[in-house]
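> Below is the structure I would like to discuss, written out as structure tokens.
The values are calculated or read from the model by the stated rules, or taken from the named source; none is laboratory data. In this text, all values refer to a predicted model and were calculated from it rather than measured experimentally. Heads up, the Cβs are rebuilt from the backbone with ideal geometry, glycines too, and the neighbour counts pull from every protein chain shown.
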Amino acid sequence: MDLEPAPSQPDISDFHAPDSRDWAPELQKSRVYEQILSDIILGRLPPSAPLEEKRLAKRYDAGLSGLRDALGRLALEGLVVRRARIGTMVAPLDLHAIEHAFEVRSLLEGRSGALAARNASETDIAAIQSAFEGAEDAVARGDLRALLEMDRAFHRAVALATHNPLLSKFIISLQNIATRYWIFAMERQSPEDQLKDIALHRAAGDAIARRDEGEAEAAMGRLVGDPPSAAR
């Protein structure tokens, strides 16, 4: 895995998450944003890959205006880099940025579990508990990308279940950064390790469903895992 410093990484003071009204799911720019984001964090668009607008518009069946809005949001979140006279590319995997994301997640994820246990609606709980449906089959197939999509869906569902829009936006953004690392880390996991990880996620979801704030906070804290430096 090649990790290199990413140019022009935005600091946290630069981050202003788009208003939900401006990024409603039915809008084309929202659809394209989600598709490009998924392809970046799961490695289908690899680090430092050039992002040529006309090719992307064809790939995602999108207009240039919606595509540019999506790329602008991804650039603000640090997943895309725009360089004068060079163009737009996928942000390199930056070890320092990933380490920082893990540090902040270790502070926020546990609290998100407690708030989700307190505030989640029945719809939220259903989304949390269904995130890993079919996970055992994905492990048997060796489908790491499916497992990462499930992990992303789980953490997104928990974040949204807090009903704290600012907290959920930061957690989801940090999770996207961390997931770019896990696509490589999971390749070193055994199927047994993957099944244990799935069980830990489901236990956290069950604690939220029981409205057990203390256990939900502890369980979500355990899910942050180890940063890249732990593997050195």
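> Just give me the residues in the stretch 208-232 being within 18 Å of ALA153 (Cβ to Cβ) and in a helix (DSSP H, G or I), in sequence order.
Listed by number, the residues that qualify are ILE208, ALA209, ALA216, ALA219, MET220.
> Yes or no: the stretch 142-162 includes at least one residue that is of a type in the set (A, V, I, L, M), at pLDDT below 95 and more than 17 Å from ILE41 (Cα to Cα).
no
> In the stretch 81-108, which residues are basic (Lys, Arg) and more than 15 Å from the chain's Cα centre (by Cα)?
ARG82, ARG83, ARG85
> If VAL81 satisfies every condition in (1) farther than 23 Å from MET150 by Cβ; (2) surrounded by fewer than 18 Cβ atoms within 10 Å (Cβ to Cβ) but one, which is the exception?
All conditions are met except number (2).
> Only one of these is touching a Ser or Thr at 6+ places or on another chain (Cβ under 7 Å) and not in a loop (DSSP other than H, G, I, E, B): LEU108, LEU147, LEU174, LEU167. Name it.
None of the other options fit; the residue is LEU167.
> If I filter the stretch 174-195 down to residues being out of contact with any helix residue (DSSP H, G or I) (no Cβ under 8 Å at 6 or more places or on another chain) and either of a type in the set (Asp, Glu) or not assigned by TED's automatic domain parsing to the domain that holds MET150 (or both), which single residue comes out as farthest from HIS100 (Cα to Cα)?
Among residues in the stretch 174-195 that are out of contact with any helix residue (DSSP H, G or I) (no Cβ under 8 Å at 6 or more places or on another chain) and either of a type in the set (Asp, Glu) or not assigned by TED's automatic domain parsing to the domain that holds MET150 (or both), the one farthest from HIS100 (Cα to Cα) is GLU192.
> Next up: VAL158 passes all but one of (1) free of Cβ contacts under 8 Å to residues at least 60 places away in the same chain; (2) more than 30 Å from SER48 (Cβ to Cβ); (3) surrounded by 19 or more Cβ atoms within 10 Å (Cβ to Cβ); which number fails?
(1)
> Right, next: List pairs: first residue in the stretch 80-91 and over 17 Å from ILE40 (Cα atoms), second residue among the hydrophobic types (A, V, I, L, M, F, W, C) and in a strand (DSSP E or B) anywhere in the structure, Cβ distance under 9 angstrom, at least six positions apart or on different chains.
What qualifies is ARG83/MET89.
> Sort out which residues of the stretch 107-124 are surrounded by fewer than 23 Cβ atoms within 10 Å (Cβ to Cβ) and either without any contact (Cβ under 8 Å) to a residue 24 or more places away in the chain or within 13 Å of ALA218 (Cβ to Cβ) (or both), and write them in order of number.
LEU107, GLY110, ARG111, ALA114, GLU122, THR123, listed by residue number.
> Does ARG210 count as surrounded by fewer than 15 Cβ atoms within 10 Å (Cβ to Cβ), over 23 Å from ILE40 (Cα atoms) and touching a residue at least 60 places away in the same chain (Cβ under 8 Å)?
Judged against the criteria, ARG210 is a match.
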